[in-house]
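Working notes for the structure below.
The values are calculated or read from the model by the stated rules, or taken from the named source; none is laboratory data. Keep in mind that what you see is a predicted model, and the values were worked out from it rather than measured. Cβ atoms come from the backbone with ideal geometry, glycine included; neighbour counts cover every protein chain shown. We work out accessible area using only protein heavy atoms, side chains counted, and drop any ligands, DNA or RNA first. Shrake-Rupley method; radii C 1.70, N 1.55, O 1.52, S 1.80 Å.
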Amino acid sequence: MNVTKIFVPLVLRVALVLVMSGAAVHGQDKPRPFAKLFGRRAPEVAQEKKGVAAVPAENALSAGGVSGFPAPEVRDFRKTREEAEVESTISRIYSEYEGKVANMSGADLQLDSLGALPPVRPDFEAAWSAGVRQPFWSEGGKVRQDLVQVYGNALTHSNAIKVFSDLPLIRETSIQEAEGDFDWRAFGEVERGHVDEPTPSRLTTGFTGRLLEDLGQADYGLRKKLGSGAEVSLSNRLNLLDTNSSFVFPNPQAGSELVFSIVQPLMRGGGYAYNRARLKVAQFDAGMGTAEYLRSLQEHLIEVNKAYWDVYLARAAFLQKQVLVAETKGFVEQLEQRQGVDAEATRSELLRSRSSLTQRQAALIRSEMAIRNAEERLRALVNDPGFAIGGGGEFIPLTRPVLTRPESDVKETALAALYHRAEVAEGFFQLQAAGLRRDMQRQDSKPQLNLTLESRMAGLAGSRQIGGAFNDQFAHGTGWNVGVGYEQSLERNLETARLKKREYELRQQVSQLRATIDQVLLDAVTTYRELMTAYREMQGRYQSVLASREEVKGLKERLDVDSNVEGQTMGYQLQLILDALDRNQQAEEQFLVSMVLYNAAFANVERAKGTLLEYYDIEVNRQRETAWKRHRKALESLSAGFAGSSPAVKADTADREAWERHRAALEKVKSERDR
């Protein structure tokens with residue numbers, strides 16, 4: 001029986017199956033991490049968009065169950081038993097912390113605790129409510145923007161956000177790098193030589209003397225690593241020989257040898273699970289980069305939010321001080337007019353009132369500087385070219401502060417943080433990557449056992465006819481080799497130590513994930529408590545404002561009805577009003593601070609829940625750079641923006657009417673002063 005006729009087709013069939021399997025695994029369309037967020041690989045011209053809010057829960061990590069959080073898509077391989085164990089660990093951790101969230105019952109965290117004081121009226125009006133949204137100074141340009149527009153400018157222009165956006169792209173390069181292990185590789189080598197050496201025996205050349213040879217050799221071919229770990233190689237070796245030996249025929253001659261070989265690891269380094277593990281680790285690493293990007297993006301938007309409300313606070317405080325200065329100046333002028341009536345008593349009161357006026361005027365100057373500094377911080381965070389650092393112009397915030405009570409409870413906030421925070425998703429990726437590294441080390445700890453299959457065909461032709469030699473190799477039979485190679489460490493110190501290291505790292509990562517979730521829940525609870533506390537504080541400050549207003553109103557009404565109260569000069573009564581105005585101004589300013597803290601706390605709660613981007617309908621777009629759009633080496637970029645067009649919010653009729661009321665109040669103070 002001709003063994004060659006049986007073995008060669010068998011080898012070729014096995015090789016074909018391995019090659020096709022490798023192509024099926026590594027030649028298909030390569031999904032990107034967080035594909036539901038960023039879309040598939042960007043087309044040559046078109047740009048694809050996917051939003052955070054559009055991610056269905058069923059496309060989240062099945063291992064982590066990060067509901068609604070964009071997760072890296074991995075290829076549809078059968079999970080190994082070890083991977084299933086890691087997923088089971090993640091499910092147990094989730095169930096454990098869901099139980100902890102369900103047991104949250106702090107009395108100060110309940111919505112019922114907000115009923116101790118009357119609520120703040122949503123339509124509460126103050127002298128600064130509408131004035132904040134109107135220009136203070138006539139010179140320079142005016143930048144009128146609401147909070148959403150400021151977010152949009154920050155997403156477009158902020159250099160810090162541009163730094164964050166490159167992190168996922170840098171991490172994603174490791175995926176293509178891992179895929180490169182399975183690329184087809186071409187190789188080639190050419191040699192040329194001449195031999196001139198003595199021959200002590202006639203067995204070399206047929207005579208004694210010197211051996212003279214001209215040699216030429218070329219070796220070229222293709223090789224590839226398959227998904228099973230097998231190394232496949234197809235090469236052709238060409239030889240040219242011209243010698244003075246009598247034993248070579250034909251002389252000169254050309255030779256050709258075609259070799260097909262497969263080296264398949266059967267233990268260490270073998271198997272699809274082992275060889276795809278590095279690719280999956282790279283996908284998880286890219287997912288970690290994207291989670292870090294989303295976390296950094298939300299933190300930057302929170303800083304923008306704080307800066308925006310700081311500008312609002314500084315402008316409102318300026319208006320408060322402006323009203324106080326105007327009223328104090330009016331009382332000073334009234335005291336000056338009373339000097340002729342009661343000169344001795346009025347003089348000391350007048351000096352005291354003038355001192356108060358001077359102090360309030362100085363505070364007004366400092367308040368203007370606070371506005372400028374708050375604007376500069378906002379400029380630095382947004383990097384808007386039309387509102388650059390140190391530039392002119394005035395920023396006018398248009399967003400109205402929220403005065404309504406919170407609606408979500410602490411359990412809802414904590415559970416949302418558990419499912420949506422980027423840090424939790426990043427911890428899941430790290431745990432799964434640690435599990436894969438442990439599994440790879442288990443495989444690397446096995447002995448080296450390789451199966452080698454080799455088939456070759458050779459041809460020969462005279463007169464250096466390379467083409468003839470190449471054709472001749474297909475006209476004859478085929479040679480073959482089959483072999484097995486084995487290697488193992490007898491003491492296994494290296495393998496044991498490395499496997500222990502990976503086991504310790506996996507155990508450490510489980511503890512790290514728990515610690516991360518603990519910090520996330522701590523952040524969610526403390527941020528929610530800050531929101532509740534800010535509202536309760538605003539309730540108390542609101543009552544204080546109402547009381548101080550009533551006090552000022554009562555003193556003014558008493559002065560208007562009867563300025564000659566027994567035992568009290570008019571100057572003394574005016575001084576009482578000035579003191580009451582001081583208390584009212586402090587109450588108004590404290591209410592203003594609590595209101596700004598409450599509104600900043602609203603956004604911070606969304607950040608603690610991990611839903612700030614979804615709350616404002618922000619999506620991340622992936623696009624190619626225009627100059628390289630059709631080039632395979634084109635660089636990509638990530639840009640965040642709103643899913644819909646952000647409305648240009650302007651001061652409406654109610655704002656204008658409220659501002660006119662504020663102007664009228666100032667004019668009334670001036671007219672009373674002039675009388």
Could you grab the pairs with beta carbons closer than 8 Å, sequence gap of 6+ or different chains, first residue in the range 341-360 and at positive phi, second one open to solvent by less than 100 Å² (accessible area, probe 1.4 Å) and modelled with pLDDT of 75 or more? none
Inside the range 117-133, can you point out the residues that are open to solvent by 10 Å² or more (accessible area, probe 1.4 Å) and β-branched (Val, Ile, Thr)? none
Identify the single condition in (1) at pLDDT 95 or above; (2) surrounded by 13 or more Cβ atoms within 10 Å (Cβ to Cβ) that TYR528 does not satisfy, given that it satisfies every other one. (1)
So the check is Cβ under 6 Å with 6+ separation or different chains; which pairs have a first residue in the range 520-548 that's over 27 Å from HIS420 (Cβ atoms) and a second one that's part of a helix (DSSP H, G or I) and small (Gly, Ala, Ser)? GLU537/SER594; MET538/SER594; ARG541/SER594; SER544/ALA587; VAL545/ALA587; SER548/ALA587
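Count, please, the residues in the range 89-113 that happen to be acidic (Asp, Glu) and within 26 Å of the chain's Cα centre (by Cα). Give the derivation first.
Just the residues of the range 89-113 that are acidic (Asp, Glu), to begin with: 96, 98, 108, 112.
Add one more test, that the residue is within 26 Å of the chain's Cα centre (by Cα), and what stays is 98.
Going through the range 89-113 one residue at a time, the tally reaches 1.
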Restricting to the range 382-399, and then to whatever is farther than 16 Å from GLU303 by Cβ and either of a type in the set (Gly, Ala, Ser) or free of Cβ contacts under 8 Å to residues at least 60 places away in the same chain (or both), can you tell me which residue is surrounded by the fewest Cβ atoms within 10 Å (Cβ to Cβ)? GLY390
Among the residues of the range 477-499, is there at least one that is over 30 Å from TYR598 (Cα atoms), open to solvent by 40 Å² or more (accessible area, probe 1.4 Å), in contact (Cβ under 8 Å) with a residue 12 or more places away in the chain and aromatic (Phe, Trp, Tyr)? yes
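Which residues, taken from the range 563-602, are among the small types (Gly, Ala, Ser), at pLDDT 80 or above and closer than 18 Å to VAL332 by Cα? Walk me through it before giving the result.
Of the residues in the range 563-602, the ones among the small types (Gly, Ala, Ser) are 563, 567, 571, 580, 587, 594, 600-601.
Among the residues that remain, those that are also at pLDDT 80 or above are: 580, 587, 594, 600-601.
ALA580, the sole residue that qualifies.
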Of residues in the range 485-500 being out of contact with any Ser or Thr (no Cβ under 6 Å at 6 or more places or on another chain) and in a helix (DSSP H, G or I), the one nearest to LEU238 (Cα to Cα): LEU494
For the range 211-265, how many residues meet the condition of being farther than 23 Å from ASN471 by Cα and hydrophobic (A, V, I, L, M, F, W, C)? 8
Quick test for you: out of ARG144, ARG171, pick the one residue that is farther than 30 Å from GLY467 by Cβ, touching a Ser or Thr at 6+ places or on another chain (Cβ under 9 Å) and among the charged types (D, E, K, R). ARG171
Consider SER256 against the criteria (1) outside any helix (DSSP H, G or I); (2) surrounded by fewer than 23 Cβ atoms within 10 Å (Cβ to Cβ); (3) more than 44 Å from the chain's Cα centre (by Cα): it satisfies all of them except one. Which criterion is unmet? (2)
When you scan the range 379-484 for helices (runs of 4 or more DSSP H) that lie fully inside it, which ones turn up with 3 or more residues that are in contact with a helix residue (DSSP H, G or I) (Cβ under 7 Å, 6 or more places away or on another chain)? 410-420, 422-444
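Return yes or no: is SER261 closer than 30 Å to LEU451 by Cβ, surrounded by 16 or more Cβ atoms within 10 Å (Cβ to Cβ) and in contact with a Phe, Trp or Tyr (Cβ under 7 Å, 6 or more places away or on another chain)?
Details: closer than 30 Å to LEU451 by Cβ: yes; surrounded by 16 or more Cβ atoms within 10 Å (Cβ to Cβ): yes; in contact with a Phe, Trp or Tyr (Cβ under 7 Å, 6 or more places away or on another chain): no.
Taking the combined requirement at face value, the residue does not satisfy it.
Please verify whether the range 647-659 includes one or more residues that are surrounded by 18 or more Cβ atoms within 10 Å (Cβ to Cβ), within 28 Å of VAL132 (Cβ to Cβ) and at pLDDT below 80.
The initial filter retains those residues of the range 647-659 that are surrounded by 18 or more Cβ atoms within 10 Å (Cβ to Cβ), namely 655, 658.
Next cut, within 28 Å of VAL132 (Cβ to Cβ) only: 655, 658.
Subsequent filtering for residues that are at pLDDT below 80 retains 655, 658.
Looking for residues that are surrounded by 18 or more Cβ atoms within 10 Å (Cβ to Cβ), within 28 Å of VAL132 (Cβ to Cβ) and at pLDDT below 80, one finds at least one in the range 647-659, hence yes.
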Hey, THR156 farther than 30 Å from LEU449 by Cα and touching a residue at least 24 places away in the same chain (Cβ under 8 Å) or not: yes
Going through the range 281-297 in order, the residues found to be crowded, with 21+ Cβ neighbours inside 10 Å and either farther than 14 Å from PHE429 by Cα or charged (D, E, K, R) (or both) are TYR293, LEU294, LEU297
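Sort out which residues of the range 102-126 are in a loop (DSSP other than H, G, I, E, B) and closer than 19 Å to VAL402 by Cα, and write them in order of number. Full working, then the answer.
Going residue by residue through the range 102-126, those that are in a loop (DSSP other than H, G, I, E, B) are 103-106, 110, 117-126.
Listed by number, the residues that qualify are LEU117, PRO118, PRO119, VAL120, ARG121, PRO122, ASP123, PHE124, GLU125, ALA126.
PHE207: under 20 Å from SER463 (Cα atoms) and either in a strand (DSSP E or B) or out of contact with any Gly (no Cβ under 6 Å at 6 or more places or on another chain) (or both), yes or no? Please lay out each step first, then the result.
On the way: under 20 Å from SER463 (Cα atoms): no; either in a strand (DSSP E or B) or out of contact with any Gly (no Cβ under 6 Å at 6 or more places or on another chain) (or both): yes.
Considered against the rule, which asks whether it is under 20 Å from SER463 (Cα atoms) and either in a strand (DSSP E or B) or out of contact with any Gly (no Cβ under 6 Å at 6 or more places or on another chain) (or both), PHE207 comes out as no.
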